[in-house]
Amino acid sequence: MFKGMLKATVFATTMALATGAFYTPAFAEVVYNRGNSADPESLDPHKTSTVYEAHILRDLFEGLVMQDKDANLIPGAAESWTVSDDGTVYTFKLRKGGVWSDGSPVTADDFVYAFRRLEDPATGAEYASMLYVVKNGEAVNTGKAKPEELGVKAVDPETFEVTLNSPTPYFLEMLTHQSSYPVNKAAIEKLGADWIKPGNLVSNGAYTLAEFVPNDHIKLVKNPKFHDAGNVKIDTVNYIPTEDRSTAIKRFEAGELDSNDDIPTEQMADLKTKFGDQLRIGPYLGTYYYSIKTDKAPWDNVELRNAISMAIDRDFIAEKVWQNSMLPGYSMVPPGIEGYSSAMAKFADMSQIDREDEAKKVLEKLGYTPEKPLKMEIRYNTSENHKNTAVAIQEQLKPLGVEVTLLNTDTKTHYSFLEQKGDYDVARAGWIADYKDPETFLGISRKASGNNYSNFNNPKFEELMDKAAAAGGNPEERMKDLSEAERVLIDDVGQIPLLYYSYKNLVSPKLHGFDENVMDIHPTRFISKD
C-alpha cells in the first residue's frame, strides 16, 4: 500500500514539473506507524475487551475522564465533576462546545444512551458487569429491569448524573475504560452494525477512522473538531497488527514501525544490545494466566486443577522463556496496589521438586500416570512468547502423566472463542488493570462477568465480592474482603495465574511523549515525532 502511495506521489511530482505547474509536497504531515499486537475484534467500544482494542479506541473516543501520558486522571468529555457527601452520586459537567466528528454536539443524553446500551442484554457487552456498581446496573443487564431504570440521567444537555449502589473508590478510574465511552446514537440507529466502518464511524476523540484493512493497517487521522486539536502533533497514526513479533522487530529496525508493543523474548539479549534504550522494559500492572474450564469434566475437580497449577514451574518460564522480563505469579492480583495484600497459592513457598512430587501423588490417586495419561489441550493466541510458554508447560507436565496438545489461533479468533464460552480445557489469557484496584483482577471471575472464560462459580467468592462492594466507604474493610475473596478464588483454582507482566516496548528516538507508566498507556494525542 505504501509503495503505491509513493509511486503516485512521484508521478504527480513529475507531471507537475513537466507542465510547469506549481507543486508543493506535503512534507508537513506527521505520520506515526504504530505496531499493535493484533487486529481488533471490533471498534464498537461496547463489544471490545482487549488492550489491542483499547489503544485504538483511546484515540478515537473520549470518555467523561481520560488518562494523560503518565496514566494520571484528566478531564475528558467532562470538564469537571462533583461527588455527593455519601459518595454515591457523581455529577459531571460536560465541556461547552464539545462536538462529535460530524459536528453535532456531545450531550449528556449521549452518555445516558451509551451507559444504557452497555447494560442492555441485547448488546451482549462483555464488560456489562463493570457498570454493576451503578444503581440497577445488574438488574438491567440480567433483564430484571428496563434500561430506563439504570441510575443515570441527563439533568440538562451539559450535566450527566450517575447514582451508584454504594461508594466505589475506583469509579472515576473505571470511566477511562473504553466500555464507558459515549457512542453516537444517530449513527447506530441509522447504520446498525455498519456504524463502525470507515466513513461511517462518528467519534469524539482526537482522531477519526479513515481506513481499516484487516491484517494490514488501521488508519486514523487527526480530528480537527477535537477540543484540544491544537495540541495534537501527530496527523496520521497507522495501527499495524504485529502478531509475528520477529517480523515486527525487522520492520522496526527498517524504520517501517516507529514503535511496537511487544518483542520475542527469546531474542531479549540480542535486542538489548542492538537497540539499547529504544527497548523499554518495566513493571506493568497485569497478570498472565491460564483459564481452566471449571465446569467441564475432569477439570471440575479442584484437586486436579490444583495439581496442574502446582506442577507448572513458573520460575523456569519467567527466566528461560521470558528472559526475566516477567515475574513468577501465584495470585490473580499482582503486587503494586497500595493497601492490598494478594492471596498467594499455598504451594508458592514449596520447592519445585516438592510441588511436582505432590502433584504426581494427586494425579496417580486420580488414575493418571505416564502409561495412562491425562489428555489436556492448551489453546493460545499467536505469539512466539505464548507458544514457547505452552511448549514449556507441555514438557513440564509430561513426566507426571499429562499428555498436552497445543492449539494456536490468531488473537481475534482466540478471544472470540473464549468470549463465546467455547468448549476447551485450558486457554492462555492475560488481564491488564482497567484501573488501579484489586477489583479489576477479581471481577473477571464473577459468574456474571463476560470475561469469566473458565465459568468459575463459587457462592462464597460472590458473597465476599458483594461484601467488598458494600464496604466501599471503609477502604481497609473493603481491601480485607477483596483479599479474602481472592483466597477463595486461588484455593478453588478458578484461574491459574502464571506470571506478572512487564511492558516491553520498542520506541524510536524520533518519538516524544511515549512515557513509561505501570498501565502502559500511551495516547497518541500526547505523542510527537521528529
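Details
- Cα-centred dipole magnitude for the chain, charges only on beta-carbon of K, R (+1) and D, E (-1), debye, nearest 20: 1040 debye
- Counting 0.36 nm for each residue step from Lys190 to Met344 and taking away their Cα separation leaves a gain of 50.4 nm.
- Positive dipole terminus of the chain, leading residue within Ala114, Leu327, Trp431 (C-beta point charges): Ala114
- Highest average packing first - 341-350, 318-327, Cβ atoms within 10 Å: 318-327, 341-350
- Percent RCO, i.e. relative contact order, over the range 43-203, from Cα pairs under 8 Å lying at least 6 residues apart: 30 percent
- Under 5 Å, built H, 5+ apart or other chain: amide partners of Glu62: Asn204, Gly205
- Extension gain, Val213-Asp491: 0.36 nm per intervening residue step, less the Cα-Cα distance, totals 95.6 nm.
- Cβ crowding within 10 Å ranks Arg116, Arg314 as Arg116, Arg314, fewest other Cβ atoms first.
- Positive-end residue of Pro169, His227, Gln267, charge dipole of the range 161-311 with Cβ unit charges: His227
- Amide H contacts for Val402 (H built 1.01 Å from N in the peptide plane; partners 5 or more residues away or on another chain; cut-off under 5 Å): Leu374.
- Between Ser42 and Ser166, the simple spin-label model (points 7 angstrom out along Cα→Cβ) gives 3.1 nm.
- Computed log10 I(q)/I(0) for the range 282-503 at 0.13, 0.17 Å⁻¹: -0.73, -1.27, from the Debye equation with unit scatterers placed on every C-alpha and solvent omitted.
- With N counted as the residues of the range 43-203, its alpha-carbon radius of gyration over 2.2 N^0.38 Å works out to 0.97.
- Under the Karplus curve 6.51 cos²θ - 1.76 cosθ + 1.60, θ = phi - 60°, whole-Hz ³J(HN,Hα) for the range 426-435, x wherever Gly or Pro sits: 9, 9, 5, 8, x, 10, 9, 4, 7, 7
- Residue-span extension gain [Lys250 to Ala269] - 0.36 nm each, minus C-alpha spacing: 5.3 nm
- Placing +1 on each Lys and Arg Cβ and -1 on each Asp and Glu Cβ, with no other charges, gives the range 192-235 a dipole about its Cα centre of roughly 120 debye.
- In terms of surrounding Cβ atoms within a 10 Å radius of their Cβ, Lys421, Lys365 rank from fewest to most as Lys365, Lys421.
- Computed from the C-beta positions of Glu303 and Lys421 and an R0 of 25 Å, the FRET efficiency is 0.55 to the nearest 0.05.
- The label point for Asn231 and the one for Lys96, both projected 7 Å from the Cα toward the Cβ, are 1.9 nm apart.
- When peptides 52-64, 449-461, 394-406 are ranked by their average number of other Cβ atoms within 10 Å per residue, the highest-first order is 52-64, 449-461, 394-406.
- Ranked list, fewest to most other Cβ atoms within 10 Å of each Cβ, for Ile393, Ile521: Ile521, Ile393
- FRET efficiency, 1/(1 + (r/R0)^6) with R0 25 Å, evaluated for Val30 and Asp70 via beta carbons: 0.65
- Here the label points at Lys153 and Glu79, each 7 Å from Cα along the C-beta direction, are separated by 2.5 nm in the simple model.
- Taking the DSSP beta bridges with both ends in the chain, the antiparallel portion is around 75 percent.
- Per-residue ellipticity at 222 nm computed for the chain from its helices equals -8500 deg cm²/dmol, with DSSP H segments shorter than 4 residues left out and the rest contributing -39,500 (n - 2.57).
Values in this text are rule-based calculations from the coordinates and carry no lab data. Just so you know, these numbers come straight off a predicted model, no measurement behind them. Please note: Cβ atoms are built from the backbone with ideal geometry, for glycine as well, and neighbour counts cover all protein chains shown.
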